[in-house]
Amino acid sequence: MEKRTLGRTGREVSVVGLGTWQLGADWGEVSEADAREVLETSAAEGVTFYDTADVYGDGRSEKVVGRFLADHAGEGFTVATKMGRREEQLPENYSAANFRQWIDRSRRNLGVDTVDLVQLHCPPTATVEADATYDALDALVEDGSIAAYGLSVETVDQALAAIARPHVASIQIILNALRLKPLERVLPAAQEAGVGIIARVPLASGLLSGKYDEHTTFAADDHRSYNRDGSAFDVGETFSGVPYDVGLAAAADFGALVRDLPGDVTSAQAAIAWIWQQPGVSTVIPGARNSEQARSNAAAGGVAPLGQAFLAGVRDLYDARVRELVHDRW
């Protein structure tokens, strides 16, 4: 699989990585055996970048990834975690003392002395803009607790504020065929600054796989059931903030574009490929609940250039279906 430099980390990572939110069981139950199979399959298919967070299963995902990492020491994998969402989302909670406590817990969970990349996990805007935030993160780099740091953000403005900071290595942001706004300013700014882009929610919580319809139901402990109104966390993380019925219609349009592609590219693979083929993207982090999904996602890293007609079609469906619902919100 093609590899790219992940911004200021200087590390080479696969263009398709693995997001491990599912492995924390926040998308319905996933056994540890299944979680491990997802990780092993991804590795066998060329995935070298793994993204987790301290809040996924309250540390469960980090621990599963840590055991996997221990069995693959020296194989060149990069593991990123995120911190901050286990606390009430107040700027005063993003303190140097809490950073130390959070990162020490993640180091224990992952079984490492130094975390390759830590990201603040969608913090308040005041935290993104505060000098003290970056001073505290710099201190963690200096003492060897982390090798590099970045931010996972909700909005374009937050991304641009973080990119302007001299030691920010990467930005993680929602980017998919239903969320095009980062293409306008975030990706160009990141390229100019040498900051990596980690694209999350590539399938719009599964919508762009084309496998859902108006009769699909989700488990009660799946955020696609309990967060459609944004009552648990930012609604943009669930179906990319698009109402479910609108998302289904947009996904049908996307599927029609995919059917015109040569070969046997699935809708999910086209959605992932569309992202990593954007200039400035370092890696895309789809999740997987089983080895079949992991294998299919990794194969998206080998999809041929999608072509101008496909790119124009994505822009058209965005403008027609979802722009007015999402473009000015994030």
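The values are calculated or read from the model by the stated rules, or taken from the named source; none is laboratory data. These numbers come from a predicted model, not from an experiment. Here Cβ is always computed from backbone atoms with ideal geometry, including for glycine, and neighbour counts include all displayed protein chains. Just so you know, the surface numbers come from the protein's heavy atoms only, side chains and all, with ligands and any DNA or RNA stripped out. Shrake-Rupley method; radii C 1.70, N 1.55, O 1.52, S 1.80 Å.
Please report, as a whole percent, how much of the solvent-accessible surface of segment 23-130 comes from carbon and sulfur atoms (probe radius 1.4 Å). Numbers along the way, then the final one.
On the way: 1850 of 4150 Å².
Carbon with sulfur: 45 percent of the solvent-accessible area.
Quick one: with all protein chains in place, what share of the accessible area of segment 202-284 is carbon or sulfur, to the nearest percent (1.4 Å probe)? It would help to have the intermediate numbers written out before the result.
Numbers: 1740 of 3390 Å².
Of the solvent-accessible surface of segment 202-284, carbon and sulfur hold 51 percent.
How much length is gained if the chain between D58 and R86 is pulled fully straight, taking 0.36 nm per residue apart and subtracting their Cα-Cα distance, in nm to one decimal? The partial results should precede the final answer.
Details: separation 28, 0.36 × 28 = 10.08 nm, distance 0.77 nm.
Stretched fully, the D58-R86 segment lengthens by 9.3 nm.
Could you tell me what percent of the DSSP beta bridges with both partners in the chain are antiparallel, to the nearest 5? Please list the in-between numbers first.
On the way: 5 of 32 bridges.
Rounded to the nearest five, the antiparallel share is 15 percent.
How many nm is it between the label spots at E129 and A312, if each spot is 7 Å from the Cα in line with the beta carbon?
For the pair E129/A312, the computed spacing is 4.1 nm.
Provide the FRET efficiency to the nearest 0.05 for the A232-R295 pair, computing r from the beta carbons and using R0 = 35 Å.
Details: r = 31 Å, r/R0 = 0.87.
E between A232 and R295, to the nearest 0.05, is 0.70.
Mind checking the per residue accessible area of the chain for me, 1.4 Å probe, whole number of Å²?
Details: 13010 Å² over 330 residues.
Averaged over the residues of the chain, the accessible area is 39 Å².
Report for segment 86-217 the percent antiparallel among DSSP-assigned beta bridges with both residues inside it, nearest 5.
Details: 1 of 15 bridges.
The antiparallel proportion sits near 5 percent.
Under 15 Å Cα to Cα from K3, which aspartates and glutamates show up? Leave out anything in the same chain fewer than 8 places away.
Output for K3: E12, E45, E75.
With all protein chains present, calculate the accessible area of D245 using a 1.4 Å probe and round the result to the nearest 10 Å².
Rounded to the nearest 10, that gives 110 Å².
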